[in-house]
1. So what J values fall out for the range A:216-230 if you push phi through Karplus, 6.51 cos²θ - 1.76 cosθ + 1.60 with θ = phi - 60°, rounded to Hz, Gly and Pro as x?
2. Size of the dipole of chain A about the Cα centre, Lys and Arg at +1 and Asp and Glu at -1 on the beta carbon, nothing else charged, in debye to 20?
3. Please say if the range A:76-126 is rounded, prolate or oblate, where rounded means a/c under 1.5 for a ≥ b ≥ c the square roots of the C-alpha gyration tensor eigenvalues, and otherwise the choice is prolate for a/b larger than b/c and oblate otherwise?
4. Within a Cβ distance under 11 Å of residue A:59, other residues only, what is the Lys/Arg minus Asp/Glu net charge?
5. Under a plain spin-label model, where a point goes 7 Å from the Cα along Cα-to-Cβ, how far apart in nm are residue A:374 and residue B:178?
6. Using a cut-off of under 16 Å, list every residue of the range A:117-158 whose amide N is near the label point 7 Å from the Cα of residue A:343 along the Cα-to-beta-carbon line.
7. Assuming R0 = 30 Å, can you tell me the calculated FRET efficiency for the pair residue A:365 and residue A:333, based on Cβ-Cβ distance, to the nearest 0.05?
8. Summing +1 for each Lys or Arg and -1 for each Asp or Glu, what net charge is found among the other residues whose Cβ lies under 15 Å from the Cβ of residue A:252?
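Read the figures in this text as sums done on the coordinates, not as results from a lab. Please read all numbers here as calculations on a predicted model, not as lab measurements. Heads up, the Cβs are rebuilt from the backbone with ideal geometry, glycines too, and the neighbour counts pull from every protein chain shown.
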Amino acid sequence: MKAVCWWGKTEVRVVDVPDPKILNPHDAIVRVTLTAICGSDLHLYDGYVPTMMRGDILGHEFMGEIVEVGAEVKNLSVGDRVIVPFPICCGRCWFCKEGLWSLCDNTNPNAWMNESLMGYATAGLYGYSHMYGGYAGGQAQYVRVPFADVNPLKIPDGLPDEKVLFLTDIFPTGYMAAENCDIKPGDVVAVWGCGPVGQFAIQSAWMLGAGRVIAIDRFPERLRLAQADGRTEVLDYAEIDDVYTQLRDLTGGRGPDRCIDAVGMEAHGTFIDAFMDRVKQAMKLQFDRAHVLRQALHCCRKGGTVSIPGVYAGFIDKIPVGTAFGKGLTLKMGQTHVQKYTRPLLARIERGEIDPSFVISHRVTLDDAPEMYRTFRDKEDHCTKVVMRPE
Amino acid sequence: MAEQVFSTAHKNVAEPERWVSVVAGAALAAYGLKMRSIPGLVIGAIGGALIHRGATGHCMVYESMGVTTAAEEDDGSNVSIPYGKGVRVEKSVTINAPQEQVYAFWRNFENLPRFMHNLESVEVHDSLRSHWVAKGPAGTTVDWEAEIINEIPHELIGWRSIDGSKVDNAGSVHFTPAADRGTEVKVILRYDPPAGVFGAAVSRILGEDPAVNVQEDLRRLKMLLETGEVATTEGQSAGRK
């Protein structure tokens with residue numbers, strides 16, 4: 001079969017690899033009908049996530065049709081149409097039962113690697129480094145799905161792939177970011193980053209009762225997309241002197257009640273700290289660039305919440321913990337517990353409250369992956385979201 | 001400072017172990033020096049230390065750990081490894097399953113190779129005695145007879161190798177209920193590796209750390225009991241040959 005493989009820093013290749021096989025009794029094999037490149041795949045592409053190996057199959061946003069099930073998978077049949085959440089979860093451990101799915105105890109065969117970095121190991125992920133289990137990803141014609149009895153969600157006929165694909169990651173990720181904000185009616189929510197996760201965070205903030213939503217980015221097409229709902233306000237940080245002053249002025253001197261960093265570890269900034277981050281990251285003195293996180297902590301109102309769906313992988317310097325402490329901020333973060341959100345968010349899609357396909361800018365085939373990774377990374381050609389058909 | 005150490009040195013390594021030290025030390029030194037790299041130097045240096053230890057009968061590591069193997073002591077206790085000797089490993093895991101179930105699974109020793117990767121097989125003779133076969137270095141196997149010496153149903157199983165075994169070892173596993181989290185399983189293993197405590201340190205450097213092995217074994221036990229399978233990617237597709 002054809003698969004998109006990581007081949008080293010800034011190189012992906014479409015390679016002919018063996019078809020996946022059932023390896024465990026709760027496995028299933030899915031024939032992929034639609035897959036996407038995620039913003040977090042760009043961290044792999046740029047070489048910022050350790051423990052990648054040449055030849056690893058990429059991709060953690062995918063859906064398709066069940067073509068084979070293991071002996072212990074009783075609730076799915078060949079031919080079922082499913083979306084597959086990006087964290088691989090067992091559904092039986094204490095964490096899964098508590099709804100903390102992405103912290104699953106039992107799905108990372110390389111738990112010791114993850115544990116040596118973080119103290120305790122978290123769930124395996126599709127196509128996201130050996131530290132996260134080394135599972136082959138879904139940017140391929142077929143993919144092996146472990147614990148298929150608990151992870152995939154069956155999709156009713158009549159809903160096109162493009163409307164439901166993002167239930168695998170970015171819609172729940174944006175939604176959990178907004179839910180983590182604990183939004184009270186009338187709250188002002190500021191969202192840094194208008195990429196796909198930011199877009200879903202914005203729409204979810206509205207769903208959860210925000211009074212105002214202010215989106216911050218520098219790409220006109222992304223700001224336009226955020227504004228398209230007719231009520232989200234936008235700030236182009238490349239055009240204004242100071243995000244803090246603008247946000248303060250826009251909120252009667254209070255600051256936004258809830259701040260969402262939907263950018264993560266490859267933040268772009270125009271201040272000296274952003275430049276220093278770039279130098280240190282290039283010299284491998286730190287993994288992550290954190291300009292946005294610092295700004296969000298600074299801008300947030302006293303007693304507010306800073307929610308972090310953007311991915312951070314390692315260590316960062318100069319995080320103003322004193323600011324967070326002094327203002328009594330609440331910080332919430334983490335990999336998304338996708339399985340907790342797939343059903344309720346599918347229901348919102350079925351009711352017509354949202355059509356997630358609004359973020360798609362590019363529709364291509366798997367063969368275009370090498371070019372599309374570059375285009376998406378460089379945000380060329382107004383690229384916000386790439387979906388790929390395997391055929 | 002170094003002179004002082006040597007002047008107070010006394011024999012704390014037994015005779016057969018001294019010979020093993022010299023031979024293993026020479027092999028390691030030759031191997032290490034051939035590598036012509038920093039790790040090679042380290043391995044070479046360890047080899048040198050082993051030769052010194054064998055020649056003088058004094059081991060600084062044993063001294064720092066308060067261990068001596070020079071005079072065979074027999075305290076007549078119920079374990080095959082007297083206290084203070086050998087390598088001791090203690091690891092725990094919490095399993096989301098009832099105490100009785102976890103205990104019963106372990107009590108059937110023939111289940112152990114399903115999650116202990118270095119164990120090839122266990123054959124149970126009767127309610128107390130069993131025969132264990134483990135993977136040794138470089139494709140070899142080591143086997144021994146074991147007997148249960150202590151047992152409290154649902155709470156504790158203690159075993160030891162029977163006198164005359166090639167690998168002296170003893171262990172116990174403790175099962176404790178953990179409120180709504182299931183069962184805490186604690187394993188304590190004590191064994192006498194062929195080249196003494198120092199041999200264990202060398203095997204650690206060469207990539208076989210018993211503490212890590214036990215931790216990973218317990219992780220597999222948890223996966224097996226909570227989910228019915230052990231997570232794996234062995235045999236999956238990749239773009240590399």
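1. Using θ = phi - 60°, the values come out as 10, 6, 10, 9, x, 5, 6, 5, 4, 4, 5, 7, 4, 6, x Hz.
2. 820 debye
3. prolate
4. Result for the local shell: -4.
5. With each label point 7 Å from Cα toward Cβ, the separation is 5.0 nm.
6. Zone members listed by number: A:149-156.
7. The value I calculate is 0.30.
8. Value of the local net charge: +1.
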